[in-house]
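*Asks:* One structure coming up, written as structure tokens, with questions to follow.
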Amino acid sequence: MTITYLYHSGFAIETEEAYFVIDYWRDTDDGIVANMIAQDEKTVYFLSSHIHHDHFNPEIIFFGQHIKYILSADIRRKNKVLRTDDRIAWVHRGEQYEDKRVKIYALGSTDVGVSFCIETEGKRIFHAGDFNNWQRTTASEYDNMQMANYFTSELTKMEDIVSNCDVAVFPLDPRMGDLTAAGAVQFCKAVHPKQLIPMHCWEMYAEANTFGREIEQVGSRFIPINKSGDAIVL
Ligand SMILES: [Zn+2]
């Protein structure tokens, strides 16, 4: 199984039987997603955690009749034309998509939409979407405390499904300064992902990667990303 970093929060997973493309915004320069779409041996799934432009690119709907889409229901509310598209499985928090090769759990978030846990070929991969303990230097202490509580409560609900997952793809957004890894560290302490890959970095890879030490200190292996196209073999 190979996980390739596309851009921002976008990742593509290749398994024996399928391709999964999560939170697609842009393809790699050499068109790895375009190649996945063009082949006809493996099933292609597109997942989008919510409607924000950095997680859902509406172009994906035109990528082909053969594609299966698992999209957060918040996207449906804003896109009337998609409502009758039978290629799409809509998911709310707490719901699941399942077929013969994959089980996809739609889990909580601290923003709109969902996070995902993908279970396939004996592995579990968590993709956070915009689920994070978003501590903002510009927000009031009260608002940051509310966010921290919200994060803890959503984290508790997903623990059973996500615990000891093989990989977690989780926001390390350097716009949060010293608190960039606050959510990721709490997440690792609670569910112990074997490995963590940063996302939501806005090309600030070096800044995001400096928080890898904090992740490793709480027992998860940190896998840095440095550029679009970086790949990790599981
Ligand atoms: Zn986002």
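*Asks:* Please work out which one of (1) within 16 Å of the ligand (Cβ to nearest atom); (2) on the phi < 0 side of the Ramachandran plot is the condition residue 20 fails and give its number.
*Replies:* (1)
*Asks:* Still on this structure: Could you run through segment 67-80 and say how many residues are away from the ligand (no atom under 16 Å from the Cβ) and modelled with pLDDT of 95 or more?
*Replies:* The number of residues fulfilling the criteria is 5.
*Asks:* Going by what's in this entry, would residue 138 be described as in contact with a Ser or Thr (Cβ under 9 Å, 6 or more places away or on another chain), away from the ligand (no atom under 16 Å from the Cβ) and without any contact (Cβ under 8 Å) to a residue 12 or more places away in the chain?
*Replies:* For residue 138, the condition - in contact with a Ser or Thr (Cβ under 9 Å, 6 or more places away or on another chain), away from the ligand (no atom under 16 Å from the Cβ) and without any contact (Cβ under 8 Å) to a residue 12 or more places away in the chain - is not met.
*Asks:* Select the strands (runs of 3 or more DSSP E) contained entirely in segment 52-136, then report the ones holding at least 1 residues which are surrounded by fewer than 17 Cβ atoms within 10 Å (Cβ to Cβ) and of a type in the set (Lys, Arg). Full working, then the answer.
*Replies:* On the way: elements: 68-72, 88-91, 96-98, 103-107, 115-120, 123-127.
Filter on segment 52-136 gives 103-107, 123-127.
*Asks:* Output the qualifying pairs, or none if there are none: Cβ atoms under 8 angstrom, residues six or more apart or on different chains, first residue in segment 161-180 and farther than 14 Å from residue 128 by Cα, second residue among the acidic types (Asp, Glu) and within 16 Å of the ligand (Cβ to nearest atom).
*Replies:* So the pair list comes out as 180/173.
*Asks:* Taking interchain pairs and intrachain pairs at least six residues apart, which have beta carbon atoms under 6 angstrom, with the first residue in segment 52-66 and within 16 Å of the ligand (Cβ to nearest atom) and the second of a type in the set (Asp, Glu)?
*Replies:* Close Cβ pairs (under 6 Å, with a partner that is of a type in the set (Asp, Glu)) amount to 55/23.
*Asks:* Report yes if some residue within segment 158-181 is within 16 Å of the ligand (Cβ to nearest atom) and among the β-branched types (Val, Ile, Thr); otherwise report no.
*Replies:* Within segment 158-181, one or more residues are within 16 Å of the ligand (Cβ to nearest atom) and among the β-branched types (Val, Ile, Thr).
*Asks:* Identify the residue in segment 197-206 that is aliphatic (A, V, I, L, M) and free of Cβ contacts under 8 Å to residues at least 40 places away in the same chain and, among all such residues, is nearest to residue 105 (Cα to Cα). Break it down stepwise before answering.
*Replies:* Narrowing segment 197-206 to residues aliphatic (A, V, I, L, M): 197, 199, 204, 206.
Add one more test, that the residue is free of Cβ contacts under 8 Å to residues at least 40 places away in the same chain, and what stays is 204, 206.
Details: 204: 29, 206: 31 Å.
That would be 204.
Condition check ((1) free of Cβ contacts under 8 Å to residues at least 12 places away in the same chain; (2) within 16 Å of the ligand (Cβ to nearest atom); (3) among the small types (Gly, Ala, Ser); (4) closer than 16 Å to residue 169 by Cβ) across all residues:
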residue	(1), (2), (3), (4)
185	no, no, no, yes
195	no, no, no, yes
208	no, yes, yes, yes
219	no, no, yes, no
230	no, no, no, yes
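*Asks:* Sticking with this one: Select from segment 10-51 the residues that are part of a loop (DSSP other than H, G, I, E, B), in contact with a Gly (Cβ under 8 Å, 6 or more places away or on another chain) and surrounded by 21 or more Cβ atoms within 10 Å (Cβ to Cβ) and list them in ascending order.
*Replies:* 23, 24, 49, 50, listed by residue number.
The values are calculated or read from the model by the stated rules, or taken from the named source; none is laboratory data. Bear in mind the structure is a predicted one, so any value in this text is a computation, not a measurement. Virtual Cβ from ideal backbone geometry, glycine too; neighbours counted across all protein chains shown.
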